[in-house]
Amino acid sequence: MIHIILLILKILGCIILGILALILAAVLIVLFVPFKYELSAAYDGAPEAGGKLSWLFGALKVRGSFKDKKIRVRASILWFRIFSMGEDEEKAADTVQEAAADAEEAVKAETEDILSAPEDIFEEETTGSAEAVPPEEEAAESSSAGELPAADAEPEEEKKPEIKPEALPEPDKTPEKVKKVKQKKKNKQKKEGKLSALRKQYDKLVHTKDMAERFWNADFTQGSIAFAKKAAASLLRHVLPKKAAGHIRFGFDKPADTGKILGYASMLYAWYGDSLTLQPDFDRAVLEGNIDIRGSIRLYIFLYWGLRGLLNKDLRKLIKFIKHFKGKEETLWQ
């Protein structure tokens with residue numbers, strides 16, 4: 001009996017270990033198998049662009065293109081399409097055009113049949129539709145039209161109510177000097193209120209400025225900024241394309257403008273190097289060329305920097321300060 005129980009437990013343990021191994025393998029595949037992307041763009045009187053994102057040796061593919069002012073997107077897993085945009089619209093437009101052409105042909109056929117019909121049919125329809133009106137009805141209509149309703153009697157003149165003169169207001173007995181004194185007091189109170197409001201606003205601005213300076217110069221803020229710079233530089237190096245190639249031919253109406261753009265572009269030569277060829281045209285205004293970019297992205301780099309951010313003391317202190325800034329701004333500086 002004990003041997004059977006141990007055998008069952010052994011089988012269950014092997015199954016659990018197999019499931020855990022499969023989960024671990026799936027996580028490692030997602031983290032370390034790269035997502036490959038390809039981007040291409042061209043301009044020769046009209047812009048065109050295309051791109052592709054693939055993962056796991058093409059098991060997952062997403063394609064997109066922009067051509068003739070239309071966007072087309074298609075996503076598929078293995079050989080099954082899971083999403084598409086633009087292709088179905090083109091098929092629907094083709095079916096609509098075919099239906100419209102069929103309708104036009106049917107209308108033409110019907111008009112030809114109507115025109116080819118004998119003239120006797122049209123004569124019978126026209127004669128049968130017109131019916132004679134009996135003279136009795138005509139007389140009744142003429143008599144009813146001749147009778148006119150009697151004119152309404154003129155309304156009697158309405159009696160206008162007598163307007164009583166309103167009571168005249170009593171003259172203001174207060175002297176003018178008392179009025180001037182009261183007006184001066186009111187103006188003085190208004191000025192004092194405005195000055196006090198301006199002082200409060202100024203004090204608030206000064207306090208905000210001091211808090212901003214203290215926040216910027218705090219140790220956790222500077223430490224968080226240094227960490228963010230390192231993470232951004234590492235992620236940018238990882239995401240940037242590994243291969244880039246292109247050829248651009250450009251020119252302006254004024255040769256001086258073409259020379260300026262060429263000078264600015266030469267300052268960035270260390271960035272694009274030999275992968276991009278620039279060909280200036282000093283004779284006419286022109287813009288044409290193409291660019292192809294290829295690269296890959298692995299998700300483990302985002303997980304790595306995310307974990308480092310959670311373990312960073314300065315970043316955690318900064319998040320805590322931002323959450324409780326309004327209620328505990330004075331005590332959090334300690």
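First measure r as the distance between the Cβ atoms of residue 233 and residue 253, then evaluate 1/(1 + (r/R0)^6) with R0 = 30 Å and state the FRET efficiency to the nearest 0.05.
Numbers: r = 41 Å, r/R0 = 1.36.
The pair residue 233/residue 253 has a calculated efficiency of 0.15.
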*Rg/Rh ratio calculated on Cα atoms of the stretch 182-334 (Kirkwood radius)*: 1.28
_lysines with Cα under 25 Å of residue 200, excluding same-chain neighbours fewer than 8 positions away_ = 184, 185, 186, 188, 190, 191, 209, 326, 328
*At a 1.4 Å probe radius, carbon and sulfur cover how many percent of the accessible area of the stretch 188-334?*
62
*Express the carbon and sulfur contribution to the solvent-accessible surface of the stretch 50-90 as a percent, rounded to the nearest whole number, probe 1.4 angstrom.*
63
*Are any of the pairs 204/317; 229/317; 67/260 more than 21 Å apart by Cα-Cα distance, and if so, which?*
204/317; 67/260
*Rounded, prolate or oblate: which one fits the stretch 214-298, using the alpha carbon gyration tensor with axes a ≥ b ≥ c (rounded when a/c is under 1.5, else prolate when a/b beats b/c, else oblate)?*
oblate
*List the relative contact order of the stretch 187-334 as a percent without decimals, with contacts defined as Cα pairs under 8 Å and 6+ residues apart.*
29
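The values are calculated or read from the model by the stated rules, or taken from the named source; none is laboratory data. Quantities reported herein were computed from a predicted structural model and do not represent experimental measurements. Glycine also receives a Cβ, built like all others from the backbone with ideal geometry; neighbour counts cover every protein chain displayed. Remember, those area values only see protein heavy atoms, side chains included, never the ligands or the DNA or RNA. Shrake-Rupley method; radii C 1.70, N 1.55, O 1.52, S 1.80 Å.
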